[in-house]
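Contents: one structure, followed by commentary.
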Amino acid sequence: MTIITILGFLLIIIGLWGMLTRKHLFRMILGFSIIDTGIHLIIVSLGYIKGRTAPIFDSDLSTFDAVHKIVDPIPSALVLTAIVIGLAVTALMLVYVVQMKRQKGSLDISDYEELKW
Amino acid sequence: MIKRFFSLFFVILLIFVFMPLVKDIKPLSELGVTSQKYAKDGAKELGAANLVTSVVVTYRGLDTLGEVTVLFITTAGIGFLLRKRSTGKNKKRKASEILKSGTSFLLPLIVLFGVYIFTHGHLTPGGGFQGGVVIASAIVLLLLSDINLHTDHNILNWLESLSGGFYIILGLLGLLLAGGFLDNRFLPLGKFGEIFSAGAIPIIYSLIGLKVGAELVGIISKLGREE
Amino acid sequence: MILTIIIVLGILMLVAAFLALYLKDLLSAIIAAGAISLMASVIYIILAAPDVAMTEAAIGSGLTTIVFLYALHLVKKEQGEKND
């Protein structure tokens, strides 16, 4: 499914563009979560094999011919954990933004001048 | 203006990096070596019908341990950042009658569904992460309606620590009694495709589900109580 | 048939990504970002990964949106206290 890989790359590009150009801190985090979704799409789409089924054994899928009938289970397992970590990291970033707002009273990135050069 | 130019430059650079990758992608036609081994021996060795579950819980169990650790550290960080300023006065809007009765009707069903998802993780799609999230969403409903069932942080902390500790203990039991850390074969494998099968996988996944659920509830209730 | 579904979903996802970055109302932008995850979970079903689809539907479009909304609420409250 090359088209889904391309879709993932496009999402990464849009997310990066948003993170670089938007000034509002919330929008930057939204861009980050768009990048996250894109990366997950790419990883899962690389494990897909045309015409095969999900790696769950039942009456239709015996263990003998599983090698020729299932898609790759490892990308699914990796993305499973990555999604949960993505939520936790997003929550931490949001709490950090709330704290920044409390300290300085602004949500605009250009008001934070300490790191400017 | 110059900033915008730099952003455009970086994005175009990224597109140029991705171009050859996209051009050279060949769709997979056979499984890789590791996946082939998992597909051939996974069901016989571990007795779980869902191959993704056996990869997450046993073959790549250390990854999951690291993931749970990251989640724990993030929760601790959120608690640290939000620790002060509980002024006590909250002028919350009152929950409507529909929300209240809907919550009291739906809450047990949602929790039951979450428990079903993580106890059947080795047979059907789903497992600890999904079940934990479903339980956390039930608690969100509880927070939105005014039903005052204090999600006591002590209980949450105990639940989280106990499930994390038992997770490690089960892993060590696997190291002592079976092949390696987080090996599930120190319990009998049972009949393939039944609920009490696959050795310790249902227990380990339920513990992961409890831990993930408790941590997510912690994150959300910390955010929600911050008035 | 499946290719059509993927193309439609893909275009919707790209549009939603742009909306999430450029809509004026922050609340609508957050909802648009949740919609991206929801459509991604449909694509995971097509890619034969039901476990990932469940996780993405529950976490990506459910809990992430809720966490964003809570943070938005906190920030708005801060704004209100400033104005008082």
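The values are calculated or read from the model by the stated rules, or taken from the named source; none is laboratory data. Source: prediction; values computed, not measured. Note: ideal-geometry Cβ built from the backbone for every residue, glycine included; neighbour counts use all protein chains shown.
Some observations on this one:
- Criterion violated by residue A:112 - all others in (1) within 7 Å of chain B (Cβ to nearest Cβ); (2) in contact with a Ser or Thr (Cβ under 8 Å, 6 or more places away or on another chain) satisfied: (1)
- Meets criteria (in contact with a Pro (Cβ under 7 Å, 6 or more places away or on another chain) and more than 7 Å from chain B (Cβ to nearest Cβ)) for residue A:43: yes
- Residue match in segment C:50-71 (condition: over 23 Å from residue B:132 (Cβ atoms) and modelled with pLDDT under 90): no
- Qualifying residue in segment A:85-93 (condition: assigned to a helix (DSSP H, G or I), surrounded by 16 or more Cβ atoms within 10 Å (Cβ to Cβ), modelled with pLDDT of 90 or more and of a type in the set (Ser, Thr, Tyr)): yes
- If the condition is being in contact (Cβ under 8 Å) with a residue 40 or more places away in the chain and either surrounded by fewer than 19 Cβ atoms within 10 Å (Cβ to Cβ) or over 28 Å from the mean Cα position of the chain (by Cα) (or both), then segment A:102-117 contributes A:108, A:109, A:110.
- Filter pass, residue A:60 being within 30 Å of residue B:35 (Cβ to Cβ) and among the acidic types (Asp, Glu): yes
- Residue within segment A:2-22 that is under 27 Å from residue B:78 (Cα atoms) and outside any helix (DSSP H, G or I) present: yes
- All conditions in (1) within 11 Å of chain B (Cβ to nearest Cβ); (2) crowded, with 24+ Cβ neighbours inside 10 Å hold for residue C:20, with the sole exception of (1).
- Residue B:110 being aliphatic (A, V, I, L, M), surrounded by fewer than 12 Cβ atoms within 10 Å (Cβ to Cβ) and free of Cβ contacts under 8 Å to residues at least 40 places away in the same chain: no
- Restricted to segment B:62-73, and to residues there that are at the interface with another protein chain (Cβ under 7 Å from one of its Cβ atoms) and without any contact (Cβ under 8 Å) to a residue 24 or more places away in the chain, the residue that is farthest from residue B:197 (Cα to Cα) is B:70.
- Count of residues meeting criterion [within 24 Å of residue A:81 (Cα to Cα), in a helix (DSSP H, G or I) and of a type outside the set (D, E, K, R)] in segment B:1-53: 12
- Residues that are more than 7 Å from every other protein chain (Cβ to nearest Cβ), in contact with a helix residue (DSSP H, G or I) (Cβ under 9 Å, 6 or more places away or on another chain) and at negative phi within segment B:35-61 comprise B:42, B:45, B:46, B:48, B:53, B:54, B:57, B:58, B:59, B:61, listed in sequence order.
- Hey, residue A:80 under 17 Å from the mean Cα position of the chain (by Cα), crowded, with 22+ Cβ neighbours inside 10 Å, farther than 17 Å from residue C:75 by Cβ and among the hydrophobic types (A, V, I, L, M, F, W, C) or not: yes
- Of the set (1) more than 7 Å from every other protein chain (Cβ to nearest Cβ); (2) assigned to a helix (DSSP H, G or I), all apply to residue A:74 but (1).
- For segment A:94-109, residues that are facing chain C (nearest Cβ under 10 Å) and assigned to a loop (DSSP other than H, G, I, E, B) total 2.
- Looking only at segment A:32-59, and only at residues there that are small (Gly, Ala, Ser) and at pLDDT below 90, the one that is surrounded by the fewest Cβ atoms within 10 Å (Cβ to Cβ): A:59
- Check on residue A:22, basic (Lys, Arg) and either touching a residue at least 40 places away in the same chain (Cβ under 8 Å) or more than 28 Å from residue C:1 (Cβ to Cβ) (or both): yes
- All positions within segment C:39-71 that are more than 7 Å from every other protein chain (Cβ to nearest Cβ) and under 22 Å from residue B:219 (Cβ atoms): C:41, C:57, C:61, C:65, C:69
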